[in-house]
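Asker: Quick one: structure below, then a few questions.
We did not get these values from a lab; they are worked out from the coordinates using the rules stated. Small disclaimer: the values here were computed from a predicted structure and weren't measured. A quick note on method: Cβ atoms are made from the backbone with ideal geometry, for glycine too, and the neighbour counts reach across all protein chains shown.
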Amino acid sequence: MQTVLLSVIVLIMVCTVLYVCKSVVIPLIFAFLLSYLVSPVLTLLKRLKIPAPLGVLIIVLLLLGTTYLFGAFMYQRVSAFVAESPKYQDKFMQIAESVTSRWAIDTSSFSEINWVKEITPRVMSMTGSFVGFMSKVALVMFFLIFMLLEQGGLKRRLALALEKKQAGVISEAVTSITGQIGRYLKIKLMVSMVTGVLVWLLLTVLGVDFAATWGVLAFFLNFIPNIGSIMSTVPPIFVAFVEHYPKPLPVILAAVGLLLIQLVMGNIIEPKLQGKGLNLSPVVILFSLVFWGWLWGIPGMLLSVPIASSIKIACENIDALKPVAIFMGGSGD
């Protein structure tokens with residue numbers, strides 16, 4: 001009984017620390033995951049005889065520049081969408097009145113709701129300020145610099161601190177863990193990028209407003225399991241409906257096309273590339289999504305599956321924790 005109570009107390013304390021320190025812990029985790037994505041670039045620069053500190057500086061400057069341009073683009077697009085929202089509200093109310101008038105439904109109370117006034121502050125509060133966004137990015141880059149400079153240091157310290165056999169076993173496990181995490185993140189990033197590009201191309205061809213914005217939204221929300229695809233599909237379908245009403249064909253094509261993209265990329269392409277080794281149980285995915293979303297909000301939802309996958313990979317490479325990895329798996333294979 002005491003062990004159970006102590007475990008509960010420790011869990012509550014850990015959750016409290018993670019919540020209170022989320023402004024530091026979240027950028028740290030993003031930097032940790034990002035280090036696996038850019039480490040091949042650093043290795044390539046080292047092969048080109050570029051010193052490690054200079055290579056890290058080049059990578060960080062490129063990431064900062066890319067993030068700045070991307071952040072400025074997205075903030076401008078979100079602001080433009082918010083500015084255009086009154087037009088969509090007026091047209092949507094006209095559609096609602098024309099539809100409900102056929103059945104003599106009273107829409108007076110419905111029309112009194114100012115959707116723009118309700119939604120706009122929430123959208124802008126979610127995006128925050130551009131300066132605040134860049135300050136968080138700068139903190140991620142700060143952590144990333146030290147993580148990249150530290151690459152290779154662990155193996156040297158293990159060789160000095162432990163016997164050769166023990167150091168070799170631990171080093172092999174660490175290499176396997178980092179390799180699998182890096183592979184998972186690269187495939188996930190590639191699939192998300194392809195998904196975003198396909199969404200952008202489809203909506204551009206169909207003439208749906210803010211096609212690039214919906215493509216970027218699909219890219220980010222692809223990291224959120226299950227509900228991410230729904231969250232990225234509903235807004236563009238709604239915009240297509242309001243924009244093209246009463247023409248049904250563009251709306252049908254947008255809905256079918258978006259659903260096919262999410263179905264093929266999420267249920268066929270990505271599982272085939274990832275293989276069964278990284279397959280997670282739907283219960284684990286749901287629990288991770290709910291827990292990290294409750295603890296850290298949207299950033300936690302974005303990190304939920306990478307965190308769960310990293311934990312499963314680590315457990316697979318530690319003999320004592322292999323049963324945990326089996327229970328986290330999506331099948332009994």
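Asker: Please list, ordered by chain and number, the residues whose modelled amide H lies under 5 Å from the amide H of Gly329; skip anything fewer than 5 residues away on the same chain.
Answerer: The list, which skips near neighbours in sequence, is Ser281.
Asker: So, one more: Which listed residue (Ile50, Cys15, Leu34) has the Cα farthest towards the positive end of the charge dipole for the range 2-96, taking +1 on Lys and Arg C-beta and -1 on Asp and Glu C-beta about the Cα centre?
Answerer: Ile50
Asker: In Å and whole numbers, how far do the C-alpha atoms of the range 219-316 stretch along each principal axis, longest first?
Answerer: Answer, in whole Å and largest first: 54, 31, 19 Å.
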